[in-house]
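One structure is given here, and the rest of the page talks about it.
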Amino acid sequence: MDIEGFVCWTAHAVDDPAELRRVLDAQLPERGSRAVADAQYAGLLEGTELRPPGLAAAHAFAERSDLPMAGPMDAIADFSAIIDALGAAEDRGGRFGADAVPDGFETVTPTVDRYDRSYHTVNVAREYPPDTTVELNYRSRDPSHPGERRANLSSAILWLRIDGETAYEHRAEWEEEQRSRRS
């Protein structure tokens, strides 16, 4: 069994921190409270609140286990898929491409001026019923000054908003490999 995914799935369902520990101690007698600490150390939980990778782990666990997961399932699935795609781009030191965005997203004009359209950008959003939105603002830019060559920088902000409130926000920034840059 995927312990971290189970912990995150349980944390998604149980709001109270004391109740979460009680439930996990009952379900995992050998390591219930330790499992929460492990999930926190892995960056999946902040206290007992899910962070974006924890939401992705909870969703993946629910899918593998054929368990229900309350909340906007399609939005959570797409949010998780984009987090995974951003992580893959970061791991390879490359640019994030629009082909990694799930179907159904539409291009949006960024609301933040710093996402200059002259850079390589992927700015997309999708709305899900009821009142849920996933939005990604990504850019790859050349930070070089005249006469120097530096690797492009990738930066991304991914939001999951429910009822107009930001439920989860994921930020990533990485330096792209020099070989992927044009001369």
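The values are calculated or read from the model by the stated rules, or taken from the named source; none is laboratory data. Fair warning: this is a prediction, and the values are worked out from it, not measured in the lab. Positions of Cβ are backbone-derived with ideal geometry, glycine not excepted, and every protein chain shown enters the neighbour counts. Just so you know, the surface numbers come from the protein's heavy atoms only, side chains and all, with ligands and any DNA or RNA stripped out. Shrake-Rupley method; radii C 1.70, N 1.55, O 1.52, S 1.80 Å.
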Some residue of segment 24-31 being under 18 Å from Tyr168 (Cβ atoms) and not charged (D, E, K, R)
no
Please indicate, with yes or no, whether at least one residue in segment 86-95 is of a type outside the set (A, V, I, L, M, F, W, C), in a helix (DSSP H, G or I) and closer than 27 Å to Asp131 by Cβ.
no
So if I check each of Ala156, Ala172, which one is of a type outside the set (Asp, Glu), buried (at least 20 other Cβ atoms within 10 Å of the Cβ), in contact (Cβ under 8 Å) with a residue 60 or more places away in the chain and closer than 17 Å to Tyr119 by Cβ?
Ala156
What's the number of the condition Ser33 fails, among (1) assigned to a loop (DSSP other than H, G, I, E, B); (2) touching a Lys or Arg at 6+ places or on another chain (Cβ under 8 Å)?
(1)
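Looking at Pro68, Pro102 in this structure, which one is of a type outside the set (Lys, Arg), open to solvent by 70 Å² or more (accessible area, probe 1.4 Å) and outside any helix (DSSP H, G or I)? Break it down stepwise before answering.
Values: Pro102 fails: open to solvent by 70 Å² or more (accessible area, probe 1.4 Å).
Residue meeting the stated conditions: Pro68.
Before we move on, is Pro110 touching a helix residue (DSSP H, G or I) at 6+ places or on another chain (Cβ under 7 Å) and either at pLDDT 85 or above or under 23 Å from Glu176 (Cα atoms) (or both)?
No, not satisfied.
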One residue is enough: does segment 22-43 have a residue meeting the conditions modelled with pLDDT of 85 or more and under 15 Å from the mean Cα position of the chain (by Cα)?
yes
